[in-house]
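In what follows, a structure is listed as structure tokens, so that the remarks can point back to it.
The values are calculated or read from the model by the stated rules, or taken from the named source; none is laboratory data. Just so it is clear, the structure is predicted and the values come from calculations on it, not from any experiment. Here Cβ is always computed from backbone atoms with ideal geometry, including for glycine, and neighbour counts include all displayed protein chains. Keep in mind that these areas ignore ligands, DNA and RNA; they rest on the heavy atoms of the full protein, side chains included. Shrake-Rupley method; radii C 1.70, N 1.55, O 1.52, S 1.80 Å.
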Amino acid sequence: MNMQTQSATGIDFIRDAIRGMAAYQLEPSEVRDKLDQNESAFDIPDELKELVLNRVREQHWNRYPDFELRRIRQALADTAGVSIENVLVGNGSNELLLTTIATFVSDGRDVIFPVPTFPLYGKLVTICGGTPREVLLDPDAGTLPVDEMVALASRSDAPPLFIICSPNNPTGGVLQNGDLDRLLATGGLVLLDRAYAEFSRESPPPLHERLVTFSTFSKAWGLAGLRIGWLMTTREICTEIRKVKLPYSLNIFSEEAALAVLASPDLMERNVSATVAERE
């Protein structure tokens, strides 16, 4: 063993890309009205919590959850009018974003997204070895810089990957009619984060061979504390993403809670309407 090997520490093995990153952090604070994480202002009613607790109490906690998560995937598929093979569920949409980016992004792959936006996108791209390509947007425009993103894509050596959040966090800009088609027409892959779609009444786009949509129960559905997200795409893409996704990432408690709120859509609709009214 030479001296160089003897003097190495664990820190020396960390990738340069990770060394150059800043950690995703939140400053703890005690406030009366907490707004910084876009959580729902409305908690789940006690009777619905009791229903979930009773259902979980009846299950075997010493057993792993259903490997296929068939019930929640089928419920989401039925709601969207797609097949269960078009849906994957995970521990928040963050896990599914990481899994999907890891599936498609290799060293040097250009990934185009507007800024400011959800800061985790750039971090996940960097972690997976891709090259973040940021496009500055006008926060007052109410739209997203699709023209500039398409132009940047035309200068890439290979079809790029786009990440876009509509409505955008934190600016609220949304995709206009035809914008998604223009991004897809570049030949690139589009990851569409629909975390806030319920607040703009956006319907999910039809399935497409180069489109993956991400949704969450953390915002409009009021289940941020339980970490439940889902994605929808073609059966073929789901098959490939499942190879990367960790098994058993959703626990039985979260699955039962998601099923309970899906069965009570009027609750979500009332809370969204109240939030929109307060926003105005």
(request) Find the relative contact order for the stretch 117-223 and round it to a whole percent, using C-alpha pairs within less than 8 Å whose residues are 6+ positions apart. (result) 23 percent
(message) Loop only by DSSP, 12 or fewer other Cβ within 10 Å of the Cβ. Give me the chymotrypsin sites (Phe, Trp or Tyr not before Pro) in the stretch 201-280 that pass, ordered by residue number.
(response) Tyr248
(request) For a quick protection proxy, order the peptides 102-108, 117-123 by their average other-Cβ count within 10 Å, most packed first. (result) 117-123, 102-108
(message) Using the Cα atoms of the stretch 141-187, I'd like the radius of gyration and the largest Cα-Cα distance, Dmax, both in angstrom.
(response) 10.9, 31
(request) Keeping all protein chains in position, work out how much accessible area Thr143 exposes to a 1.4 Å probe, and write it in Å² to the nearest 10. (result) 50 Å²
(request) At 1.4 Å probe size, with no ligands or nucleic acids counted, give the accessible surface of Val82 in Å², nearest ten. (result) 40 Å²
(message) Considering the Cα positions of the stretch 85-135, please state its Rg to one decimal place and its Dmax as a whole number of Å.
(response) 11.4, 34
(request) Mind grabbing the accessible area of Ser273 for me, 1.4 Å probe, Å², rounded to tens? (result) 60 Å²
(request) Let me have the relative contact order for the chain, percent, based on Cα pairs under 8 Å that are six or more residues apart. (result) 23 percent
(message) Taking the Cα centroid of the stretch 46-100 and of the stretch 118-148, what is the distance between the two, rounded to the nearest whole Å?
(response) 30 Å
(message) For the chain, set up a GNM with springs between Cα atoms under 10 Å and report which of Gly130, Gly178, Gly222 has the largest fluctuation.
(response) Gly178
(request) From zero up to wherever the largest Cα-Cα distance of the stretch 145-280 sits, split into 5 Å bins and tell me the percent of pairs in each. (result) 2, 8, 16, 19, 18, 16, 11, 6, 2, 0
(request) Please report the base-10 log of the normalised intensity I(q)/I(0) for the stretch 31-170, using a Debye sum with one equal scatterer per alpha carbon and no solvent, at each q in 0.18 (1/Å). (result) -1.18
(message) I need the Kirkwood Rh of the chain: take the reciprocal of the average 1/r across all distinct C-alpha pairs and report it in angstrom.
(response) 20.4 Å
